[in-house]
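**Student:** Here you go, one structure.
The values are calculated or read from the model by the stated rules, or taken from the named source; none is laboratory data. Remember, it's a predicted structure, so these values are computed and weren't measured experimentally. Every residue, glycine among them, receives a Cβ derived from its backbone with ideal geometry; neighbour counts consider all protein chains shown.
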Amino acid sequence: MDPRTAAHVLGQIAAHLELRGESSFKSRAYEQAATALLAIDTDDLAPMYRSGELARTRGLGPATLSVVRDLIESGESSYLEQLRATTPPGLLELLRVPGLGTAKIHKLHEALGIDSIESLEQAARDGRVAKLPRYGPKTAEKLLKGIGLLRAAGTQRLYPQGAAEGARVVAMVRAHPDVVAAEVAGSIRRRRETVGDVDVVAACSRSPDSVAASFANAPGVRSARTTGAGSRAITYVDGTCIDVHCVARDDFAIALWRATGSSDHLDAVGARLAERGFALEGDRLIDERHAVVPIADERTLYEHAGLAFVPPELREGQGEIEAAAAGRLPTLVEPTDIRGVLHCHSTWSDGKATIAQMADAARERGWSYIGITDHSQAAFYASGLSRERVLAQHDEIDAINASRSDVRVLKGVEADILADGSLDYGDDLLDRFDYVVASVHSRFTMDRATMTARVLRALDDPHLTILGHPTGRLLLSRAPYAIDIDAVLEKAAAVGAAVELNADPHRLDLDWRHIPRARALGVPIEIGPDAHSPRGLDHMTTGVGIARKRGLAARDVLHTRSADDVLAFARVRRARGAR
């Protein structure tokens, strides 16, 4: 029994348990066990089970281990079959519809017999959903939008999920005895906010097609098809799709460049090469004498095109070729440039860790400061802070800062932008914060003009230091609200406010496509982890990757500055507004 198949079974069990309303602890245990199995580098779990090594693997417990034993001994899971026998198969698919939780699924199934996405769509369209108590036309409309988003997303996943799968796949490819080098390519290497199939390029010491065929015949593969010499499109039992491209060693650099894309970028580089008398034939570069030009790495290929090396994140066909030709590519921001973080939550509102624990986690990541921005009182759903609790939290922060010198804790808040554009809390309380992140958390359905006016009014308040997640999108589940983002960026520039690139992988908002406009206007970008736990601080890796996609340098990012400089930025912002 291979790890991927076993992990898929455990994942299916977790989904069934969630659908049945079992405790989240129980379903999460199966999810964690599935993740643990995916990290195991073997084609067969049986020897590890018999030796006892599997039982000692972190993340596996008696219940999940018994499922693996069942799979090893019989090839099936009796527990999963029991769960399937009492669950209409289409209900599992309903869990994928944005905004549709288990309680609603049960109600829709019991009241209307809905047991699939298709039957849900029909019931939402013909009015049956709207007639249910506490539902109505708006709920039916939201469900239809959720189904539309699900279909539009297809096999897309959030970047961190795709990157983790890519790391597992490339590790498997590199372990092949005839593979001398392998790299992840495609949208993962370009750090797109959502990714589809995993593209991997491998340099081989023997027949590339034979190596590709061996991957296609590996355990856990559900189907495979040939897409070219040395290339296979492979689908695993859990639905994961990979495109593996096996090439000779000398062809690796161009093959990696091709598989990375984007198509617009490839076409533009190809045109530059043609102007200089070169031609691309497959994964080789040919000169005017029809001789093969050795290409040791991608940098060499760009040199032949008369271009500076273009980092993979920038390869989107959006001005990077012109910048590379003119020598104007920026030195992109690096994770090591970040000196602190400014958008974090604690147990004072809806976070999972204390302020001291968050400060410890910041120190472990090499940062010198962390801003705590718990929710304001209007965010009652997130235990927003009353005035009294704000004052008590500030006393705690003062005590923490007095007791340590390794990490400085800044007094921030994520203040709701209310429906009329005013900020939650009065001026006297807002004055007590070192800085203010202000965000829209309600009334998302306003029309474009009204929402834009709401945010522009908020930017008029000099307490607003950073505009948080400015379009409100949730990737693959909620579209951005209607807003004139150009007008917002122009206003931020005029008043001296920063704009957030929220690094939560579900948001990544500001969209990277708007970053050049912000940069041209001189609007500082704050890359906010929106961390609700120490682990959430690691969102910064994804956020920095997105910042790099449109050329942000360290100087463009607010918190590559010292804590004193960040606080000075907030004071200047308030002073400008007071004049």
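**Student:** Since Pro47 meets every condition but one in (1) closer than 30 Å to Gly148 by Cα; (2) surrounded by fewer than 17 Cβ atoms within 10 Å (Cβ to Cβ), which condition does it not meet?
**Tutor:** (1)
**Student:** Considering (1) under 28 Å from the mean Cα position of the chain (by Cα); (2) in contact (Cβ under 8 Å) with a residue 60 or more places away in the chain, say which one Phe380 fails and leave the rest.
**Tutor:** In the conditions (1) under 28 Å from the mean Cα position of the chain (by Cα); (2) in contact (Cβ under 8 Å) with a residue 60 or more places away in the chain, Phe380 misses (2) alone.
**Student:** Looking at the range 191-207, is at least one residue of a type in the set (Gly, Ala, Ser), surrounded by 19 or more Cβ atoms within 10 Å (Cβ to Cβ), over 21 Å from Ala253 (Cβ atoms) and outside the structural domain of Arg507 (by TED's automatic domain parsing)?
**Tutor:** So in the range 191-207, the residues of a type in the set (Gly, Ala, Ser) come out as 196, 202-203, 205, 207.
Subset that is surrounded by 19 or more Cβ atoms within 10 Å (Cβ to Cβ): 202-203.
Then keep just the ones that are over 21 Å from Ala253 (Cβ atoms); that gives none.
No, the range 191-207 contains no residue that is of a type in the set (Gly, Ala, Ser), surrounded by 19 or more Cβ atoms within 10 Å (Cβ to Cβ), over 21 Å from Ala253 (Cβ atoms) and outside the structural domain of Arg507 (by TED's automatic domain parsing).
**Student:** A further question follows. Tell me the residue from Ser24, Ser116 that is under 30 Å from Gly136 (Cα atoms), in contact with a Gly (Cβ under 6 Å, 6 or more places away or on another chain) and either of a type in the set (Ser, Thr, Tyr) or not assigned by TED's automatic domain parsing to the domain that holds Leu149 (or both), please.
**Tutor:** From the options Ser24, Ser116, the qualifying one is Ser116.
**Student:** In the range 410-423, what residues are among the acidic types (Asp, Glu), over 24 Å from Tyr369 (Cβ atoms) and surrounded by 22 or more Cβ atoms within 10 Å (Cβ to Cβ)?
**Tutor:** Within the range 410-423, just Asp416 meets the criteria.
**Student:** Kindly provide the set of residues from the range 450-480 that are touching an Asp or Glu at 6+ places or on another chain (Cβ under 8 Å), over 16 Å from Ile525 (Cα atoms) and not in a loop (DSSP other than H, G, I, E, B), ordered by number.
**Tutor:** Thr452, Arg454, Arg457
**Student:** Would you say Arg473 is surrounded by 20 or more Cβ atoms within 10 Å (Cβ to Cβ), in contact (Cβ under 8 Å) with a residue 24 or more places away in the chain, within 25 Å of Leu158 (Cα to Cα) and basic (Lys, Arg)?
**Tutor:** yes
**Student:** Another question about this same structure. Restricting attention to the range 392-409, report how many residues are among the aliphatic types (A, V, I, L, M) and either buried (at least 16 other Cβ atoms within 10 Å of the Cβ) or touching a residue at least 40 places away in the same chain (Cβ under 8 Å) (or both).
**Tutor:** Of the residues in the range 392-409, 4 are among the aliphatic types (A, V, I, L, M) and either buried (at least 16 other Cβ atoms within 10 Å of the Cβ) or touching a residue at least 40 places away in the same chain (Cβ under 8 Å) (or both).
**Student:** Please work out if Val488 is farther than 14 Å from Glu193 by Cβ, assigned to a helix (DSSP H, G or I), more than 23 Å from the chain's Cα centre (by Cα) and free of Cβ contacts under 8 Å to residues at least 40 places away in the same chain.
**Tutor:** So Val488 passes the test.
**Student:** Of the residues that sit in the range 1-20 and are surrounded by fewer than 23 Cβ atoms within 10 Å (Cβ to Cβ), of a type in the set (Gly, Ala, Ser) and in contact (Cβ under 8 Å) with a residue 60 or more places away in the chain, which one is nearest to Thr102 (Cα to Cα)?
**Tutor:** Ala15
**Student:** While we're here: Output the residues belonging to the range 106-146 that are under 32 Å from the mean Cα position of the chain (by Cα), buried (at least 16 other Cβ atoms within 10 Å of the Cβ) and part of a loop (DSSP other than H, G, I, E, B).
**Tutor:** Selection gives Ile114, Asp115, Tyr135.
Listed here are the residues, each with its yes/no results for (1) surrounded by 16 or more Cβ atoms within 10 Å (Cβ to Cβ); (2) more than 32 Å from the chain's Cα centre (by Cα); (3) without any contact (Cβ under 8 Å) to a residue 24 or more places away in the chain.
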{"position": "Ala279", "(1), (2), (3)": "no, yes, yes"}
{"position": "Gly282", "(1), (2), (3)": "no, yes, no"}
{"position": "Leu307", "(1), (2), (3)": "yes, no, no"}
{"position": "Pro312", "(1), (2), (3)": "yes, no, no"}
{"position": "Gly327", "(1), (2), (3)": "no, no, yes"}
{"position": "Pro335", "(1), (2), (3)": "no, no, no"}
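**Student:** Considering Ile483, Ile515, which residue is part of a loop (DSSP other than H, G, I, E, B) and either surrounded by fewer than 20 Cβ atoms within 10 Å (Cβ to Cβ) or touching a residue at least 12 places away in the same chain (Cβ under 8 Å) (or both)?
**Tutor:** Working: Ile515 fails: part of a loop (DSSP other than H, G, I, E, B).
Just a single option satisfies the conditions, and that option is Ile483.
**Student:** Moving on. Take the residues in the range 153-168 that are in a helix (DSSP H, G or I) and farther than 21 Å from Gly220 by Cα, then tell me which one is farthest from the chain's Cα centre (by Cα).
**Tutor:** So the residue we want is Ala153.
**Student:** Now a separate question. When you look at Leu476, is it within 19 Å of Ile188 (Cα to Cα) and in the same structural domain as Ile417 (by TED's automatic domain parsing), yes or no? So that I can check it myself, show each step before the final result.
**Tutor:** Working: within 19 Å of Ile188 (Cα to Cα): yes; in the same structural domain as Ile417 (by TED's automatic domain parsing): yes.
When the stated conditions are applied, Leu476 passes them.
Residues are listed down the side, and each one gets a yes or a no for (1) part of a loop (DSSP other than H, G, I, E, B); (2) over 24 Å from the mean Cα position of the chain (by Cα):
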position: Gly21; (1), (2): yes, yes
position: Arg28; (1), (2): no, no
position: Gln32; (1), (2): no, no
position: Thr35; (1), (2): no, no
position: Met48; (1), (2): no, yes
position: Arg58; (1), (2): yes, yes
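**Student:** Can you give me the ranges of the strands (runs of 3 or more DSSP E) entirely in the range 183-265 with at least 2 residues that are touching a residue at least 60 places away in the same chain (Cβ under 8 Å)?
**Tutor:** Result: 241-248.
**Student:** How many residues does the range 290-305 contain that are in a loop (DSSP other than H, G, I, E, B) and crowded, with 16+ Cβ neighbours inside 10 Å? Don't jump to the end; show me each part of the working.
**Tutor:** Of the range 290-305, the ones in a loop (DSSP other than H, G, I, E, B) are 290-291, 294-297, 305.
Now restrict to residues that are crowded, with 16+ Cβ neighbours inside 10 Å: 295, 305.
Looking only at that region, the number is 2.
**Student:** Sticking with this structure for a sec: Looking for whichever is surrounded by 13 or more Cβ atoms within 10 Å (Cβ to Cβ), touching a residue at least 24 places away in the same chain (Cβ under 8 Å), not small (Gly, Ala, Ser) and not assigned by TED's automatic domain parsing to the domain that holds Ser116 here; the options are Leu38, Leu54. Which one fits? First the steps, then the outcome.
**Tutor:** Working: Leu54 fails: touching a residue at least 24 places away in the same chain (Cβ under 8 Å).
So the residue among Leu38, Leu54 that is surrounded by 13 or more Cβ atoms within 10 Å (Cβ to Cβ), touching a residue at least 24 places away in the same chain (Cβ under 8 Å), not small (Gly, Ala, Ser) and not assigned by TED's automatic domain parsing to the domain that holds Ser116 is Leu38.
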